[in-house]
Amino acid sequence: MLKQRIITALIFAPLVLGSIYYLDTPAVAVILGLIILIGAWEWVGLSGFENIFVHLAYTIVTALILYLSFPLIGKPSLGVFLVSACFWWLLALISIFIAQARRRLPTQRKILFLFIGFIILVPAWLAVLYLHNNPKLGPLWVLFLLILIWTADIGAYFAGRVLGRHKLADTISPGKSWEGVFGGLVAVLLVSVLLLPYLTGTGINEIPMEMFLLCLGTAVISVLGDLTESVFKRIAGKKDSGNMLPGHGGIMDRIDSLTAAAPVFTMGLMLTGFIQ
């Protein structure tokens, strides 16, 4: 399983990183949009629908929403979408706490779950494109966001395997531990110390503490994205969102952390003044 994951990552990671760095924002919008649409298709199954026509209709509607919302990446009104997404992730965090405390998952509500899919997928797409379109190091901010997410994931995986003793939320995701989360945060902090001076063009002592807190917060939110998708998978009785990526499951299994982290990270950069 680990070998498959590594091979798949080695194939796709360079393609993703290269596309972000070398392509312009409209091209990235198309590529990321296709990924989002595959995620939308999978989300229908996580919502409890198996009918092929529901899958098609939902994917088409998602494509239409992406097309109509694309002009927002250059407008201040994008903030409304990001704030809405951040509010959703706050609700998701509260729901996870309640589910873990009660040791019982929420009841499946198919139509509501479909609507939640829009809130999860569309703002994340817009947030990444807004970052990429920024005239000041736009693509590099996107790459930094991905590095934070991947670092948190890898750090948590290895720290959890070696040190994991205390379950994070065993009702939702039995494999995650508090030790893994803290290991991921330590790894993210180290990466932030190394890369932020380059991104900000300042010395390490001149970087505001808020930036380091934002990086750590992004890592925490990425875990929340993973846990949230796990809730929907467990409710739907599925191990993975799909089987498109060998060793990784479906597309949603790969972008779940990004869907949570992207709006929060982008909003944080806007609030701290590092991007306009």
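Some points to look at:
- Taking packing as the residue-averaged number of other Cβ atoms within 10 angstrom, the listed peptides 257-265, 103-111 run from highest to lowest as 257-265, 103-111.
- Expected 222 nm ellipticity per residue - DSSP helices of 4 or more, -39500 (n - 2.57), all of the chain, to 500: -26500 deg cm²/dmol
- Partner lysines for K176 [C-alpha distance under 24 Å; skip if fewer than 8 residues away on the same chain]: K3, K167, K233, K238, K239
- Fewest-first sequence of S77, S230, S69, S192 by Cβ atoms within 10 Å of each Cβ: S77, S69, S230, S192
- Order of F113, F70, F232 - criterion: other Cβ atoms within 10 Å of each residue's Cβ, fewest first: F70, F113, F232
- Among 218-224, 185-191, sorting by the average number of other beta carbon atoms lying within 10 angstrom of each residue, highest first, gives 218-224, 185-191.
- Over the chain, the ratio between the Cα radius of gyration and 2.2 N^0.38 Å evaluates to 0.97.
- Here the mean projected area of the convex hull built on the C-alpha positions of region 111-204 is 7.8 nm².
- Computed over the chain: relative contact order in percent, which uses C-alpha pairs under 8 Å that are six or more apart: 25
- Other-chain or far-sequence residues with amide H under 5 Å of L168's (modelled H): K176, S177, W178
- Exposure proxy ranking, count of Cβ atoms within 10 Å, fewest first, for Y58, Y130: Y58, Y130
Read-outs throughout are calculated quantities, based only on the coordinates presented, and are distinct from any laboratory measurement. Since the model is a prediction, treat every value here as computed from it, not as a measurement. We place every Cβ from the backbone using ideal geometry, glycine too, and count neighbours over all the protein chains shown.
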